[in-house]
Amino acid sequence: MQFQFTEEQLMIRDAARDFAQNECLPGVIERDEKQQFPGEQVAKLAELGFMGMMVKPEYGGAGMDTISYVLAMEELSKIDASVSVSMSVNNSLVCWGLEEFGNKEQKEKYLTPLARGRKDGKLHIGAFLLSEPEAGSDATSQHTTAEDKGDYYLLNGTKNWITNGNSASVYLVMAQTDITKGSKGINTFIVEKNTPGITVGAKENKLGIRGSDTHSIMFQDVKVPKENRIGPDGFGFTFAMKTLAGGRIGIAAQALGIASGAYERAVDYAKQRKAFGKEIAQHQAIQFKLADMATRIEAARLLCLRAAWEKDNHLDYTLSSSMAKVYASETAMWVTTEAVQVHGGYGYVKEYHVERLMRDAKITQIYEGTSEVQRIVIGRGILK
Ligand code: CAA
């Protein structure tokens, strides 16, 4: 076992760190306040190859490994989790799903521009439409239907909480094609956003990741070409579960970044803020907090890297990605709350960033499977 990154992995980490500092930090507080989608930042990330990081170069990607993806996600999430969630969904849920399970025609037509993050000179990203008003954790309870009409499927229903909902050009939509077959009656379809019958709801006014583009999407008699179904009939739920296993590595790395961003700010602050005649870092009460933060972050990092390594080595990473996500997201919530505490009153105001990181941390315990769902997956995995 070697605890060492390659030169290439370190280069990616440094490039993501510089990008976060130079392109994401300026204006991050204002974007959060105004709920402004970081379109400019995401477009620049695409130019650098970060929107299709793990896709093979023949399909427009950068051909990097999952370890590099974890490193990049951590660095970006230290500064702006609204940028990193957009990158994570496009990489893990959209591009990976298409590359792994799409056919050659689907990959050429849809994956290549999505991996580049650009088409016709414009931002071109995707979204993953599984959640519904009454199907969140209980994901097999799909109410959206796709009726087989011979040449095409007719899509009807509503999807909720969709990241990149308005900014995406391509949706991967899960829908029920045969209610009698339960999870085996679900399919996944590639749907172009400009298809007639699609309505994008208002942007959600959220606690955290406020820049992120979260919307409901409504489908009314939307015609989807037959050739846009991914995989064999009834493969849609397996598609969703397998894709989410990789997505959870991305969100775990996002949580790790949010935690380490807050921790680094707490260390800097504790070294310069004085109380009772010395820097607060010299008080054991603060040192113990920092020590616990550093330890939990390191444990979260190792879990993320372990899951990424398993994925890169074609092992089953379902269990390790759920472990990484539940641990990293709970670490993020705890560390960011402690970081606010270390900052005292300053932590409670926006200029010091840690209150935003605390708000951003919360979603990592909810999306791409709540902490409770991760425990279900882990429980089933260890008891099987
Ligand atoms: N890989 C392959 N197949 C899998 C699988 C996996 N990881 N997990 C389950 N399956 C299969 C099962 O084997 C089963 O098949 P059989 O009937 O042949 O045995 C079938 O799928 C149904 O599975 P379960 O019986 O386990 O289903 P369940 O109803 O008990 O639900 C669950 C399991 C783990 C709770 C699942 O519903 C789940 O993960 N829910 C959370 C959904 C989620 O993560 N949503 C996130 C939305 S996307 C998002 O947030 C993106 C964003 O915008 C940021």
Response to the item:
Taking the convex hull of the alpha-carbon atoms of segment 81-217 and averaging its shadow over every direction gives an area in square nanometres of 8.8 nm²
Discussion item. In whole percent, and with a 1.4 Å probe on the protein chains, what portion of the accessible area of the chain is carbon and sulfur?
Written reply: 52 percent
Response to the item:
Rg/Rh over Cα atoms for the chain, Kirkwood Rh, comes to 0.98
Worksheet item: So which lysines can LYS104 reach, going by Cα to Cα under 23 Å and dropping same-chain residues fewer than 8 places off?
Response: LYS56, LYS119, LYS193, LYS223, LYS226, LYS242, LYS311
Worksheet item: Under 24 Å Cα-Cα from LYS34, which lysines qualify once same-chain neighbours fewer than 8 residues away are excluded?
Response: LYS44, LYS78, LYS122, LYS203, LYS206, LYS350, LYS362
Discussion item. Could you tell me the extents of segment 225-347's C-alpha atoms along the three principal axes, largest first, rounded to whole Å?
Written reply: 71, 30, 16
Worksheet item: What angle do you read, to the nearest 10 degrees and between 0 and 90, between the alpha-carbon axis of helix 7-19 and the longest principal axis of the chain?
Response: 80 degrees
Worksheet item: Just how much of ASP316 is accessible, in Å², when a 1.4 Å probe is used and the result is rounded to the nearest 10?
Response: 110 Å²
Worksheet item: For the chain, what is the calculated [θ] at 222 nm in deg cm²/dmol (nearest 500), taking -39500 (n - 2.57) for each run of four or more DSSP H residues and dividing by its residue count?
Response: -15000 deg cm²/dmol
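Where the only charges are on Cβ atoms (+1 Lys, Arg; -1 Asp, Glu), what is the dipole of the chain about its Cα centre, to the nearest 20 debye?
Computed charge dipole of the chain: roughly 480 debye.
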Worksheet item: Treating the beta-carbon of each Lys and Arg as +1 and of each Asp and Glu as -1, no other charges, what is the dipole magnitude of segment 241-383 about its Cα centre, to the nearest 20 debye?
Response: 140 debye
Worksheet item: If r is the Cβ-Cβ distance from VAL267 to LYS184 and R0 is 45 Å, what FRET efficiency results, to the nearest 0.05?
Response: 0.30
Worksheet item: Which value, in Å², gives the accessible area per residue of the chain when a 1.4 Å probe is used on the protein heavy atoms?
Response: 44 Å²
Worksheet item: Put +1 on the Cβ of every Lys and Arg and -1 on every Asp and Glu Cβ in the chain; which of ALA139, GLY60, PHE239 then has its Cα farthest towards the positive end of the dipole?
Response: ALA139
Discussion item. Where in the chain is the longest stretch that carries no chymotrypsin sites (Phe, Trp or Tyr not before Pro) classed as loop by DSSP and with at most 16 other Cβ atoms within 10 Å?
Written reply: 6-275
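The values are calculated or read from the model by the stated rules, or taken from the named source; none is laboratory data. Nothing here was measured: the structure is a model prediction, and the numbers come from that model. Every residue, glycine among them, receives a Cβ derived from its backbone with ideal geometry; neighbour counts consider all protein chains shown. Side chains are part of the model used for accessible areas, which takes the heavy atoms of the whole protein and leaves out ligands, DNA and RNA. Shrake-Rupley method; radii C 1.70, N 1.55, O 1.52, S 1.80 Å.
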